[in-house]
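Below is one structure; the comments refer to it alone.
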Amino acid sequence: MENYLRVSVDTVELGFDCEKTLYTISASGHTWEQGADGAPAICRKDGRELLFSGADRSRHRYEKRGVGEGIFSCYEWSDFSVETYVWVEYATHAVHFELIPGKEMTKFVKVRWPGAFSGRDSNGNTVHSYTALPLQQGVLIPDDWEQEVRKLPFGGQFCSAAAYMPWFGQVKDGHGYIAICETPWDAGYEVDHPAGGPHTRVEPYFLPSLGELSYRRCMRYVFQENCDYNDLCKIYRSYVRETGLFTTLREKAARNPRVDELIGSVIVHKGIKTHVSPDSAFYDPEHPEKNDVLIPFSARSREIRRYHEMGVRRLYLHLDGWGAPGYDNRHPDYLPACPEAGGWEGLKELSDTIQDCGYLFGLHDQYRDYYTDAASYDQEYAVRDADGGVFEMARWAGGRQNYLCATQAPYYVKRNFEEVLSHGIRLQASYLDVFTCNEPDECSHPHHRMTRKECLEYREACFAYLTSKGILPSSEECGDWAMRELVFCHYGPYDFMLEKPGSPRRGIPVPLFNLVYHDCMILPWFMDRQEGNADNEHRTDNEKTADNEDSGDSENRADGEDYMLYALLNGGAPYLDRDGAYPDTDGAFDSAARRRLAEDIARCAQVTALQERVAKCEMVRHEFPDGNPKHQRTVFSDGTQVTVWLDTGKYEICYPIASDVLKVSGRSELHEA
């Protein structure tokens, strides 16, 4: 057997070191290679890490097929085996990595494969410019970024808030690649960026499905020259068009014209009843009065009429805690409407008020958290892991809970919504919590066995039911696996927005998700004014140094930013009023500056005016006009350009009108003298 195999297809050359089991890819004159620190490995349940290069036996051969050619490998250990096929596609020059189940491929917790790639310059040095990650809205990690980046939410699993889209990419001096996971349900990515660099290592991993490898896992690497992160996003946009996942707001509006009513609406997030169980992590024994709060439906009706009287033209009310048990309690048995707040009659009066004002109404609901005190609770329908165990926690307000197997969720959604609608409650939209934020579940119970892929299909079936009733479906965040049905979500933020103001950042925030899907989803944006260190220039050098020592490089922190600027930059919807369900979580921090309602309405009007113009437009480009990360610009397919200066609060919107350009500019009052 040769120690090194090569495959050449036009401008792409694939090389493979058979002893080290490492790949090298040359594309358009640039080389990407794997090193020992990114070597493929199988992580076993007993804690052992088995390198592919250390297999008891391995075989490798060149193989040519009708659509491409590549290298086929078989790795064997004493009690299991796995196969791989890495090949170059004739039609696209994409390099495909396939991990194929062999004999007894069980008893593992993850497979890190095909490993990490790094760029090499003409002198043989290993360098990158930056790494692009789909962490929530998106982030770039320059190679010399001062902040360490290793830990990711949900362990970096795709189809969760860790990755709204199942890809990552790297760019070095204009040469780049995008790695697309074509089987993302049991997969994720790991990142290793030391503080200050000099590099970022990123690689995919695969999880067992119900304890086994069980099916072929696929990654597609596309290499590009003269590119940046915008080009990587457009490669992925083309990919999801090919797969049929891509579904525009125009298509969704054809199914339900209420999409057009939601565009240009301000978002109001309010609650009715809060009850925090004594076994909840949020229970406050020192201030028991905070554990139970009740706002009548009639009070919310008065607020809606006030918005209308103050000239708010379009509005969507997201209502929490409307069921008898209170927010995050006793799901999925949430009915009836809260009796103490006015019952079904009070909820109907609120929905009628919203209808009379020409606004939109939606209810918060939950079909994953399975509370043990729910009337229909039966642990037989709780998610079981591959070993038969049942997860339990008591974090949220309702206390002890498991996870409901998603095979049951569509039945509960139908049961509950049919009951709500039967009372004359007029819903134009609704919200199914956590489905697009939390990772997919798998369940080993023999009566409702479910893979992670099937879990996502059951979640999507819940959205489809709402669509069938003329109700616009939304969920917590914006996973692209739900793109065919999902119209909007609670938010699609940059990851730093959910951290306390002033926290170190993982990188430079960029709208990777919107560069792919802006014309497919409506994303609400926070409008908070974070005081942070807005007056940083007036502080002493010693004060600045002390802050930098506590929180890292000052440029890596949020210093007095007005989040309205991000809403404008992304052409999204604004939050007019947002009551966080829990203190100091999900972006609800006491440090956020509050202003008078009239001022907030005026600020929102600036955002909605832009959104009505560009909501159905592709975001064709994002850039830093002068190279400063605090100065950003987006360009939309109708020619509209939005430029923001995050450090000064200034913004400028250029609308193309006939043969001229209309400029609208302003400045956040947070930065006014």
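Taking Lys663 as the anchor, which aspartates and glutamates have their alpha carbon closer than 12 Å to its alpha carbon, excluding any fewer than eight residues away along the same chain?
Glu652
Placing unit charges on C-beta atoms (Lys and Arg positive, Asp and Glu negative, everything else neutral), compute the dipole magnitude of the range 67-178 about its Cα centre in debye, rounded to 20.
320 debye
Taking the chain as the reference, fit the longest principal axis to its C-alpha atoms, fit the long axis of helix 297-309 to the helix C-alpha atoms, and give the angle between the two in degrees, 0 to 90, nearest 10.
Computed tilt is about 90 degrees.
Would you calculate, for the chain, the mean residue ellipticity at 222 nm contributed by helices, counting each DSSP H stretch of 4 or more residues as -39,500 (n - 2.57) and dividing by all residues, to the nearest 500?
-5500 deg cm²/dmol
Based on the mean of other beta carbon atoms within 10 Å per residue, what is the order of 255-265, 160-170, most packed first?
160-170, 255-265
Report, ordered by chain and residue number, the lysines lying within cross-link reach of Lys110, taken as a straight Cα distance under 21 Å and ignoring same-chain residues fewer than 8 apart.
Filter leaves Lys20, Lys45, Lys151, Lys453.
Work out how much length Val109 to Ala91 would gain on full extension: take 0.36 nm times their residue separation and subtract the Cα-Cα distance, in nm to one decimal.
2.9 nm
Roughly what angle does helix 597-614 make with the longest principal axis of the chain, taking Cα atoms, 0 to 90 degrees, to the nearest 10?
Its long axis makes an angle of about 50 degrees.
In Å², what does the accessible area per residue of the chain work out to with a 1.4 Å probe?
In whole numbers, the chain has 38 Å² accessible per residue.
Starting from the Cα of Lys234, draw a straight line to each of the lysines and keep only those under 22 Å, dropping any in the same chain fewer than 8 residues away.
Reachable lysines: Lys172, Lys252, Lys616.
Between Arg667 and Asp638, what is the spin-label point distance in nm, taking each point 7 Å from the Cα along the Cα→C-beta axis?
For Arg667 paired with Asp638, the spin-label model returns 2.9 nm.
Please list, in chain and number order, the residues 5+ apart from Leu315 or on another chain whose amide H is under 5 Å from its amide H, with Hs placed from the backbone.
Amide H neighbours of Leu315: Val266, Leu360.
I'd like to compare 35-44, 354-363: which one has the highest average count of other Cβ atoms within 10 Å, and what's the full order after that?
Taking the mean over residues of other Cβ atoms within 10 Å, the ranking is 354-363, 35-44.
Can you work out the FRET efficiency for the pair Asp17 and Asp79, with r the C-beta to C-beta distance and R0 = 35 Å, to the nearest 0.05?
0.85
State the percentage of accessible surface on the chain attributable to carbon and sulfur atoms; use a 1.4 Å probe and exclude ligands, DNA and RNA.
Heavy-atom surface of the chain belonging to carbon and sulfur, 1.4 Å probe: 46 percent.
Identify which of the listed values of Cα extents along the principal axes in Å was calculated from the structure shown: (1) 70, 62, 52; (2) 79, 62, 53; (3) 69, 62, 56.
Among (1) 70, 62, 52; (2) 79, 62, 53; (3) 69, 62, 56, the one calculated here is (2).
The values are calculated or read from the model by the stated rules, or taken from the named source; none is laboratory data. All figures in this text were calculated on a predicted structure; none of them were measured in a lab. Every residue, glycine among them, receives a Cβ derived from its backbone with ideal geometry; neighbour counts consider all protein chains shown. The area values use the complete protein model at the heavy-atom level, side chains included, leaving out ligands, DNA and RNA. Shrake-Rupley method; radii C 1.70, N 1.55, O 1.52, S 1.80 Å.
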